[in-house]
Amino acid sequence: MTKLSALFALRCMLREMERDVGLQDLSPTELDVFLAAHSVSDQGRDGVTSAEIRHHELVIDLAQATYHRALRSLLELGLLERADGFKTRRYVVRSDLSS
Amino acid sequence: MDCIGDRLRSSISSGHLMGFIIVSAAYVLCLGLTVFFVTPAQRQVLPEITVFASLIYLPHGVRVLATWVYGWKAIPALIAGSVIAAFVFFPDAKLEFLTPALFASVLYGAVTAYIAFELVRLIHRDYYFGNAQKPSWKGMIVIGAIASIINSIGQTLIFSGLIDLDKFVFILVTYAIGDLVGLILCMAALMIIFRWIRLNAKS
């Protein structure tokens, strides 16, 4: 056991606490995708497709893989949710964040 | 080989000494914050229990986190922290501090987190740092809560001769709440400090 490993374990534990209390910080790419999804959702539709978010000016220049990784991460974090009742895959910004 | 052994021994002992100093200093700092900020505010609303227990007792966070890292080895450092803090923050009460009740209170407070970790270990949940159980902030708060209950019962019994019977349960509950809130605030403060360091390092 070293002092550094104890400090590292403490930081990991408190990072998990940060996530659990909702203070998780997004990467710049995730933030751009989230803002793009929020902006497109604001246009008054029930959920948006990945292609619609993808064409937003904030994310249009991102590499395809980077974009999808960020989208997946936002879904895992619960900031975006899959919209129910559609044949194609559509996404909505979590209801308490979209108002 | 002797040279390597000497260096290893020296490294271990200097590591322990540093840990001892960090834990004692953290305890003194947290008790200072409690004495100078929490106690005066609490005295305004609950003067009758303030002399015995604090509604936010930050040193409990140090007890739990230090015991998580160092196990039983944290106990002497916690005792030293309590003794130093008593002399620093209550210099006029030097002789009073030597009364058996206060001395028992210091000793008991220092072992409560260790008792809680050991109780949890009995149900095969070894939360000590470096052992199988993954460190979890929720687990730490559960252990802190157990330690706060153990502490509140013990401290109230230690001071039972000085506490009015009608305030007994109230003080017991205040001890438990104060310790737990202290631990949560301590962890939240560390979380914010680490977050601030991380975000500033990025920018």
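Could you please let me know if B:Leu157 is more than 13 Å from chain A (Cβ to nearest Cβ), surrounded by fewer than 16 Cβ atoms within 10 Å (Cβ to Cβ) and not in a helix (DSSP H, G or I)?
When the stated conditions are applied, B:Leu157 does not pass them.
Take the range B:15-52 and flag every residue that is more than 21 Å from B:Thr67 (Cβ to Cβ) and either crowded, with 20+ Cβ neighbours inside 10 Å or at pLDDT below 85 (or both).
Across the range B:15-52, the qualifying residues are B:Val38, B:Gln42, B:Arg43, B:Gln44, B:Val45, B:Leu46, B:Pro47, B:Glu48, B:Ile49, B:Thr50, B:Val51, B:Phe52.
Just to verify a result, which residue in the range A:48-82, among those that are part of a helix (DSSP H, G or I) and acidic (Asp, Glu), is surrounded by the most Cβ atoms within 10 Å (Cβ to Cβ)? Walk me through how you get there before you give the answer.
Step one: of the range A:48-82, the residues part of a helix (DSSP H, G or I) are A:50-54, A:64-77.
Adding the requirement that they be acidic (Asp, Glu) leaves A:52, A:76.
Values: A:Glu52: 17, A:Glu76: 9.
The residue in question is A:Glu52.
Of the numbered conditions (1) assigned to a helix (DSSP H, G or I); (2) free of Cβ contacts under 8 Å to residues at least 40 places away in the same chain; (3) within 14 Å of chain A (Cβ to nearest Cβ), B:Ile150 satisfies every one except a single condition; which is it?
It is condition (3) that B:Ile150 fails.
Name the residues in the range B:131-147 that are away from chain A (no Cβ under 11 Å) and surrounded by fewer than 20 Cβ atoms within 10 Å (Cβ to Cβ), would you?
Answer for the range B:131-147, where residues must be away from chain A (no Cβ under 11 Å) and surrounded by fewer than 20 Cβ atoms within 10 Å (Cβ to Cβ): B:Ala132, B:Gln133, B:Val142, B:Ala145, B:Ile146.
Residue by residue through the range A:6-56, note down the ones that are at pLDDT below 80, within 14 Å of chain B (Cβ to nearest Cβ) and over 14 Å from the mean Cα position of the chain (by Cα).
Correct list: A:Val21 only.
State whether one or more residues within the range B:115-130 are over 18 Å from B:Ala26 (Cβ atoms), buried (at least 18 other Cβ atoms within 10 Å of the Cβ), touching a Leu at 6+ places or on another chain (Cβ under 7 Å) and not basic (Lys, Arg).
No: the range B:115-130 contains no residue that is over 18 Å from B:Ala26 (Cβ atoms), buried (at least 18 other Cβ atoms within 10 Å of the Cβ), touching a Leu at 6+ places or on another chain (Cβ under 7 Å) and not basic (Lys, Arg).
The values are calculated or read from the model by the stated rules, or taken from the named source; none is laboratory data. All values reported here derive from a predicted model rather than from experimental measurement. With ideal geometry, Cβ positions are generated from the backbone for all residues, glycine too; neighbour counts draw on all protein chains shown.
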